[in-house]
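What follows is one structure encoded as structure tokens, with my remarks underneath.
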Amino acid sequence: MTNFKVGIIGAGPSGLAMLRAFESEQKKGNPIPEIKCYEKQDNWGGMWNYTWRTGVGKYGEPLHGSMYKYLWSNGPKECLEFADYTFSEHFGQSISSYPPREVLFDYIQGRINQSNARDYIQFNTVARWVDYLEDKQQFRVIFDSLKDNRTFEEYFDYLVVGTGHFSTPNFPYFKGIEDFPGAVMHAHDFRGADQFKDQRLLLIGSSYSAEDIGVQCYKHGSQSVTIAYRSNPIGCNWPEGIKEKSLVTHFEGSKAFFKDGSSEEFDAVILCTGYQHKFPFLPDNMRLKTKNRLYPDDLYKGVVFNHNERLLYLGMQDQYYTFNMFDTQAWFARDYMLGRIAIPEKDSRTKDIKKWMDYEEKTKTGADHVDFQTDYIKELISMTDYPDFNVDKVSDMFKSWLKDKENNILNYRDQVYRSVMDGTQAIPHHTAWMDEMDDSLEKYLEESVVEKAEAI
Ligand code: FAD
Ligand code: NA7
């Protein structure tokens, strides 16, 4: 059955994967439902659509972006590569394994530009509220068209939420922080390391944001970087100038006090304390309530909302795999909506969710987490015609990446990997990552060409 209507909220990598999944079906000559996608920003790409703004966007909406200048991929690109559109196909040459932000954005756009996906997307349009009409078995969604300041509503048989979950800060309070004289911000508002040059920087949190913002600031000339952890230190081989400490207990002026009894003066504080899953457009009974974990509760196969089978979520997991995981979810979502995948009754779904959550509970190390997400993706791939790829090899690459980071956090981005999608061997970037200050697409590609020519 295809005479139904699908609404997609968000045109980041997850929302775009949903569009791509339907498009691939259409290309086979099969009918697809009526699709509409709504994106509050003026372009697609989600997090990868970088903005210099902080706080609110140009129409006064809470700003989505948490990306910053100088961000280079924090994992090998070979681990996130689309199975149906490779980096080699896009760039026509081999590139390094850890490209900068703009290069990854270009890659995302390359795939979607091959289609008429833009025709399905209404930009500058924010989902404000959703009701589920039991009698009609439809969602009524209220939108605001930001450009012309107009409210309107649409009805859908299925609703796909792809609004991301690294946008609304988790902003804990530390006693005395209100009197700290220097800059205090959350990682969400961090736009680049420049302003922290020569400063003594304190980062609170011990996950990806703390690790990467710390290393970026070190690279761009901060005087010192101190990372304060709550549960576990990151535990890399830190260079002189970066160190880890136990959690901050309180501040007195510019001095931070730590759990280990020590204290130290700082010039700036960045809270790298993670994000909240936030869905202000959804009522409580449709809202996903979870922290950042590998298997959020209430999502059958990580996608179908257990309390309303017509509500789907994409990309809500903590992420090792990203772009290709969103694809596998979108392909599953597509086939489910098209009636090709039958899902069991609620009790069985609940049991299946619990099985995965129990498995997650047993994971301890980074390698265990990678294995978990690898198994999850394998299951999804086995259910659809998403191009099969060697997920075990990708899993091995993730594990090497974890080791590379542990060994040397400053040069792991100089390592190169081989694509499992088309066998292309990445080439080293011409300049060591620590010395490369220009992260523009032009410079990156220009230099890669030189590198390639030299290699011949
Ligand atoms: P998002 O990219 O967040 O996109 C969600 C979209 O939904 C946005 O465009 C937003 O405007 C829109 N939206 C939100 N609310 C509404 C609404 N109410 N109405 C309409 N539209 C709405 N991943 C990697 O693979 N490699 C990396 O190096 C990497 N680095 C990262 C660095 C940072 C700082 C962050 C925050 C994330 C990073 N990620 C990285 C993970 C990144 O989140 C994913 O790669 C990817 O962007 C997630 O896609 P998404 O579509 O699920 O969410
Ligand atoms: P994460 O990965 O969710 O990590 C959040 C971190 O914040 C984690 O270390 C938490 O410590 C820490 N945290 C949370 N609350 C507190 C409080 N109250 N006090 C101290 N520390 C706290 O978020 P990230 O921003 O690092 O990464 C998100 C994405 O952005 C990621 O995918 C990257 O690609 C970029 P815990 O370990 O729970 O004790």
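The values are calculated or read from the model by the stated rules, or taken from the named source; none is laboratory data. Owing to the predicted nature of the structure, the values given are computational and were not obtained by experimental measurement. Note: ideal-geometry Cβ built from the backbone for every residue, glycine included; neighbour counts use all protein chains shown.
For region 272-292, the set of residues classified as outside any loop (DSSP other than H, G, I, E, B) and more than 15 Å from Phe171 (Cβ to Cβ) is empty.
I'd like the full set of residues that are over 30 Å from Phe251 (Cβ atoms) and among the β-branched types (Val, Ile, Thr), limited to region 127-184. Within region 127-184, Val130, Val141, Ile142, Thr151, Val160, Val161, Thr163 meet the criteria. One residue alone among Lys245, Lys255 is within 15 Å of ligand 2 (Cβ to nearest atom) and more than 29 Å from Leu63 (Cα to Cα), and that residue is Lys245. Scanning region 79-102 for residues that are within 12 Å of Leu445 (Cα to Cα), more than 16 Å from ligand 2 (Cβ to nearest atom) and crowded, with 21+ Cβ neighbours inside 10 Å yields Ile95, Ser96.
Between Leu16, Leu63, Leu71, the distinction of being in the same structural domain as Val394 (by TED's automatic domain parsing) and in contact with a strand residue (DSSP E or B) (Cβ under 6 Å, 6 or more places away or on another chain) belongs to Leu63 only. There is at least one residue in region 46-69 that is surrounded by 19 or more Cβ atoms within 10 Å (Cβ to Cβ), assigned to a loop (DSSP other than H, G, I, E, B), within 16 Å of ligand 2 (Cβ to nearest atom) and among the aromatic types (Phe, Trp, Tyr).
When the test is whether a residue is in contact with a Pro (Cβ under 9 Å, 6 or more places away or on another chain), aliphatic (A, V, I, L, M) and more than 13 Å from ligand 1 (Cβ to nearest atom), Leu271 passes it. Give region 169-219 a look and list any residue that's small (Gly, Ala, Ser) and within 13 Å of ligand 2 (Cβ to nearest atom), or say none. Correct list: Ala187, Gly205, Ser206, Ser207, Ser209, Ala210, Gly214. Residue count for region 354-373 satisfying the condition of being touching a residue at least 24 places away in the same chain (Cβ under 8 Å) and either over 23 Å from Ala330 (Cβ atoms) or out of contact with any Leu (no Cβ under 7 Å at 6 or more places or on another chain) (or both): 8. Evaluating Ser222 against the criteria (1) more than 16 Å from ligand 2 (Cβ to nearest atom); (2) part of a strand (DSSP E or B); (3) crowded, with 20+ Cβ neighbours inside 10 Å leaves one unmet condition, (2). If you check Leu19, Leu80, Leu71, Leu63 for being closer than 16 Å to Val160 by Cβ and at pLDDT 95 or above, only one passes: Leu19. If you check Gly29 against the conditions, is it surrounded by fewer than 22 Cβ atoms within 10 Å (Cβ to Cβ), more than 9 Å from ligand 1 (Cβ to nearest atom) and more than 18 Å from Gly110 (Cα to Cα)? Taking the combined requirement at face value, the residue satisfies it. Restricting to region 195-219, and then to whatever is in a loop (DSSP other than H, G, I, E, B) and more than 16 Å from ligand 1 (Cβ to nearest atom), can you tell me which residue is nearest to the chain's Cα centre (by Cα)? So, considering only residues that are in a loop (DSSP other than H, G, I, E, B) and more than 16 Å from ligand 1 (Cβ to nearest atom), the one nearest to the chain's Cα centre (by Cα) is Lys197.
The single residue among Asp131, Asp157, Asp106, Asp135 that is closer than 28 Å to Lys405 by Cβ and either modelled with pLDDT under 95 or out of contact with any Ser or Thr (no Cβ under 8 Å at 6 or more places or on another chain) (or both) turns out to be Asp106. Return yes or no: is Glu309 acidic (Asp, Glu), more than 14 Å from ligand 1 (Cβ to nearest atom) and in a strand (DSSP E or B)? No: the conditions fail for Glu309.
Scanning region 251-284 for residues that are in contact (Cβ under 8 Å) with a residue 60 or more places away in the chain and on the phi > 0 side of the Ramachandran plot turns up Gly253, Gly274.
When Thr163 is tested against (1) among the polar types (S, T, N, Q); (2) within 16 Å of ligand 2 (Cβ to nearest atom); (3) over 30 Å from Asp438 (Cβ atoms); (4) surrounded by fewer than 22 Cβ atoms within 10 Å (Cβ to Cβ), exactly one condition is not met: (4).
Considering Tyr444, Tyr417, the condition of being under 26 Å from Phe91 (Cβ atoms), outside the structural domain of Cys236 (by TED's automatic domain parsing) and in contact with an Asp or Glu (Cβ under 6 Å, 6 or more places away or on another chain) is satisfied by Tyr417 alone. Of the residues in region 137-145, at least one is aliphatic (A, V, I, L, M), within 24 Å of Asn285 (Cβ to Cβ), in the same structural domain as Ala333 (by TED's automatic domain parsing) and more than 16 Å from ligand 2 (Cβ to nearest atom).
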